[in-house]
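Some notes on the structure that comes next.
The values are calculated or read from the model by the stated rules, or taken from the named source; none is laboratory data. This one's a predicted model, so the numbers in the text were calculated from it and none came from an experiment. No Cβ is skipped: glycine too gets one built from the backbone with ideal geometry, and neighbour counts run over all protein chains shown. Only protein heavy atoms, including side chains, enter the accessible area calculation; ligands, DNA and RNA are left aside. Shrake-Rupley method; radii C 1.70, N 1.55, O 1.52, S 1.80 Å.
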Amino acid sequence: MRKEVANWGLYPTIKANVYEPHSYNEIIHCIKNNESIIARGNGKCYGDSSLSKNIISTSNLNKIISFDEQNGIIQCQSGVLLSSILELIVPKGYFLPVTPGTKFISIGGAFASDIHGKNHHIEGVFSDHVTEIKLINQEAEIIQLSQNEPLFIQTAGGLGLTGIIVEVSLRLKKIETSYIQQTSIKAKNLEEIFQLFEDYKNYTYSVAWIDCLAKGAAMGKSILLLGEHAKREDLKNTNDTLSLHKKAFLNIPFYLPSFTLNSLFIKIFNFLFYAKNISKVQTTTIHYDPYFYPLDKINNWNRIYGKKGFVQYQFVLPKENSYEGISKILKILAENNLGSFLAVLKLFGKSHENRYLEFPIEGYTLAVDIKIDNALWDVLDKLDVIVTELGGKIYLTKDARMLNDSFEKQYPQQISVAKKFQSDQIIRLKNMYKDSFLIIGANSDIAKATALKYINEHSNGHLILAGRNTESLKQFVKDHNLEAKSTVLFFDVTDLHSAKGFIEKIPCKPKWIMYAAGVLYNNEECINDIEKNKENIYVNYLAAVNIINALTNDHNPNLERIIGISSIAGLRGRKSNYVYGAAKSGFHQYLFGLRQDLKDRGILVQAITPGVVDTKMTAHIKKPGIAVKPELVANSIFNNKKSFEIYPNLTWYIISKIAKYAPEFIINKL
């Protein structure tokens, strides 16, 4: 079923084919019948690590297979939620060995993300407590893996890129009660909270709420929340020592306006939250639910960020660099008013640093939820640089926007990812060029002028220049010193069956696509020469539709803009060039329909309607004095990033309207 899908951060939102199998055989069928696919549990992973054009939802794999109460081992299908496990095990005197900040994630997702909790410095990651898993690999085989096997290690934290996890066996933690003895300690700044973490590092659980908008001497003011499982003798006011969590009692029924969660609101919230602890140290006994899962009491709390959603930016830094890096990052967030009332600091212990996508390293991790706005992305790019330079990592389970350069440096332990299992995230992270521009028919003078303009506008841009005459393209690249910023590919647009092979050769997923191939024959040539007419129809219409369809169906999460060179001749048939105009008209109408189809994906489709341009293609015809240069057409592309039709100047805009709407007796004279 085709659905609109987003994870907990509500960004990005995509349309995907979502399969909801009830059996392993149905999963095998999905794997065999899709070129690529990714598993998705309950969608609580914030970013795009479980998004793809084809998604296998594990929500129907929701059976608890066995529970060995004597040894504390539970075996579940991968779609079982941690909340369901708690409902079974807590009354029996067991708890999860590692748990994140919500109980509404699937156990398969917990393993795929190799989640950490407030006890990482003592008890490690989730996979340390998993005895075995069952996985369906890219050959559609069901295999069983135990802790020391290489594929088990690659799958732990591997974000579903090694296969579909279908079963997990987990060793549980024995508890006497379902309560936590909590100690809260206020810290006046970042230096003090770091010292408190070190002073209390022997506590099983520790986490700090941090005011990320505080400045100056108060920067990093925090409340440290320490925890230990309460013993029976610690409970004085209840006989129900193994009580379960209660259902959520609040619900956010709709998306709040984006202005609701502003910096003033966050400052007020942070002030009140810090002030509620009247004394410096407070001790209390609370149920596990508010300690581990404080936000689970509010259904759909992500809607407070509005329809655009939010990003959870979580990073870890080595211990020796943590104070320096977190100080810098808090300062930048405060200066840009990018506050969060959900800012959490934790201490990590030693971990599996040699694993493929393993996040924790010994040090400190900070997580902040930030509402999406246009100013956010540049700031986060700056934070990435700090994290990378100081030897840290971004948490991929939460990530929705990190670029290839940071990824390659932060996660150098690379493995060969199964092509069958691809997420939008891994496509983005493997994309070497952030601002890449694919130009088909790149020998066109308009194409070359646009390519040069693009490189001037995008300092990190990369051109993918495709055409039949690659020698000419290579000379163009050499003449403009673009060797480090260009890839030249052979592509004959008239070979309709070569589109798939061509796309496989493209080195990255392009941000912009331009179709600039074209031929210009007069009516007499097209009417009297079938080969020229065939080329007219192929190059100006059929081939254009063929390759653009292939590119838009390639599921490119980076694609933002498609530009096609149309013609005023395609707006309305005229006796001087109606055969050429018919082909261009078909392309023009195609682009307009494509614009409507891709609007929901946030992809802008535009048609350049340039009029007469002084190019080598028009060298054989007599040009009016109002003919424009290719550079003017290129400038118009960059000046108009909204409307469907792009004109180089006001003169050609007026001429196009005359051609489109003038009475027939006027058109007859043209």
Fill in: Selection count, the stretch 553-564, where residues are open to solvent by 20 Å² or more (accessible area, probe 1.4 Å) and in contact with a helix residue (DSSP H, G or I) (Cβ under 7 Å, 6 or more places away or on another chain)
3
Item to complete: List every residue pair whose Cβ atoms sit under 8 Å apart, with the two residues 6 or more apart in sequence or on different chains, where the first one lies in the stretch 280-297 and is at positive phi and the second, anywhere, is among the charged types (D, E, K, R) and open to solvent by less than 30 Å² (accessible area, probe 1.4 Å).
Response: none
Item to complete: For the stretch 360-367, indicate whether the set of residues that are at pLDDT 95 or above, among the aliphatic types (A, V, I, L, M) and closer than 24 Å to Ile223 by Cβ is non-empty.
Response: yes
Response to the item:
Filtering the stretch 207-240 down to residues that are crowded, with 17+ Cβ neighbours inside 10 Å and of a type in the set (S, T, N, Q) yields Ser222
Worksheet item: What tally of residues in the stretch 373-395 results from selecting those that are open to solvent by less than 40 Å² (accessible area, probe 1.4 Å), part of a helix (DSSP H, G or I) and of a type in the set (A, V, I, L, M, F, W, C)?
Response: 6
Discussion item. Going through Ser178, Ser146 one at a time, which residue ends up being under 26 Å from Ser423 (Cα atoms) and either surrounded by 18 or more Cβ atoms within 10 Å (Cβ to Cβ) or at pLDDT 95 or above (or both)?
Written reply: Ser146
Practice prompt. Scan the stretch 396-412 for residues that are under 15 Å from the mean Cα position of the chain (by Cα) and surrounded by fewer than 16 Cβ atoms within 10 Å (Cβ to Cβ) and jot them down.
Written response: Asn404
Practice prompt. Run Pro507 past the list (1) touching a strand residue (DSSP E or B) at 6+ places or on another chain (Cβ under 6 Å); (2) at pLDDT below 95; (3) outside any loop (DSSP other than H, G, I, E, B) and report the number of the one that doesn't hold.
Written response: (3)
Item to complete: Give the number of residues within the stretch 196-210 that are out of contact with any Ser or Thr (no Cβ under 7 Å at 6 or more places or on another chain) and under 29 Å from Phe265 (Cα atoms).
Response: 3
Worksheet item: How many residues are open to solvent by 20 Å² or more (accessible area, probe 1.4 Å), touching a residue at least 60 places away in the same chain (Cβ under 8 Å) and in contact with a strand residue (DSSP E or B) (Cβ under 9 Å, 6 or more places away or on another chain) when one looks only at the stretch 319-365?
Response: 6
Response to the item:
Selection from the stretch 564-603 of residues part of a loop (DSSP other than H, G, I, E, B) and under 23 Å from Leu438 (Cα atoms) yields Ser566, Ser567, Gly602, Ile603
Item to complete: Go through (1) within 26 Å of Ile394 (Cβ to Cβ); (2) modelled with pLDDT of 95 or more and name the single condition Asp435 misses.
Response: (2)
Worksheet item: When the stretch 36-82 is examined, which residues are found to be within 17 Å of the chain's Cα centre (by Cα), among the charged types (D, E, K, R) and part of a loop (DSSP other than H, G, I, E, B)?
Response: Lys44, Asp48, Lys53
Worksheet item: For Lys453, are the conditions met, namely being out of contact with any strand residue (DSSP E or B) (no Cβ under 6 Å at 6 or more places or on another chain) and not in a loop (DSSP other than H, G, I, E, B)?
Response: yes
Worksheet, complete the sentence: Picked from the stretch 426-484 (must be of a type in the set (Gly, Ala, Ser) and either free of Cβ contacts under 8 Å to residues at least 12 places away in the same chain or open to solvent by 10 Å² or more (accessible area, probe 1.4 Å) (or both)), the residue nearest to Ala516 (Cα to Cα) is Gly441
Response to the item:
Selection over the stretch 1-58 where residues are small (Gly, Ala, Ser) and open to solvent by 20 Å² or more (accessible area, probe 1.4 Å) yields a count of 4
Worksheet item: Does Phe259 count as open to solvent by 40 Å² or more (accessible area, probe 1.4 Å), of a type in the set (A, V, I, L, M, F, W, C) and either farther than 25 Å from Gly309 by Cα or free of Cβ contacts under 8 Å to residues at least 12 places away in the same chain (or both)?
Response: yes
Worksheet item: When the residues of the stretch 653-670 are filtered to those that are open to solvent by 60 Å² or more (accessible area, probe 1.4 Å), free of Cβ contacts under 8 Å to residues at least 60 places away in the same chain and not in a helix (DSSP H, G or I), which remaining residue is farthest from Leu594 (Cα to Cα)?
Response: Lys669
Response to the item:
Among residues of the stretch 623-652 being small (Gly, Ala, Ser) and without any contact (Cβ under 8 Å) to a residue 60 or more places away in the chain, the residue surrounded by the fewest Cβ atoms within 10 Å (Cβ to Cβ) is Gly625
Fill in: Total residues in the stretch 303-318, condition open to solvent by less than 10 Å² (accessible area, probe 1.4 Å) and part of a helix (DSSP H, G or I)
1
Worksheet item: Can you find a residue in the stretch 501-512 that is open to solvent by less than 10 Å² (accessible area, probe 1.4 Å), over 28 Å from the mean Cα position of the chain (by Cα) and closer than 23 Å to Ala634 by Cα?
Response: no
Practice prompt. Would you please name the residue that is most open to solvent (accessible area, probe 1.4 Å), looking only at residues in the stretch 164-175 that are touching a Ser or Thr at 6+ places or on another chain (Cβ under 7 Å) and either free of Cβ contacts under 8 Å to residues at least 24 places away in the same chain or not acidic (Asp, Glu) (or both)?
Written response: Arg171
Fill in: Residue within the stretch 516-538 that is touching a residue at least 60 places away in the same chain (Cβ under 8 Å), among the aliphatic types (A, V, I, L, M), closer than 26 Å to His462 by Cα and in contact with a Pro (Cβ under 8 Å, 6 or more places away or on another chain) present
no
Worksheet item: Only one of these conditions is not met by Ile266: (1) in contact with a helix residue (DSSP H, G or I) (Cβ under 8 Å, 6 or more places away or on another chain); (2) open to solvent by less than 80 Å² (accessible area, probe 1.4 Å); (3) not basic (Lys, Arg). Which number is it?
Response: (1)
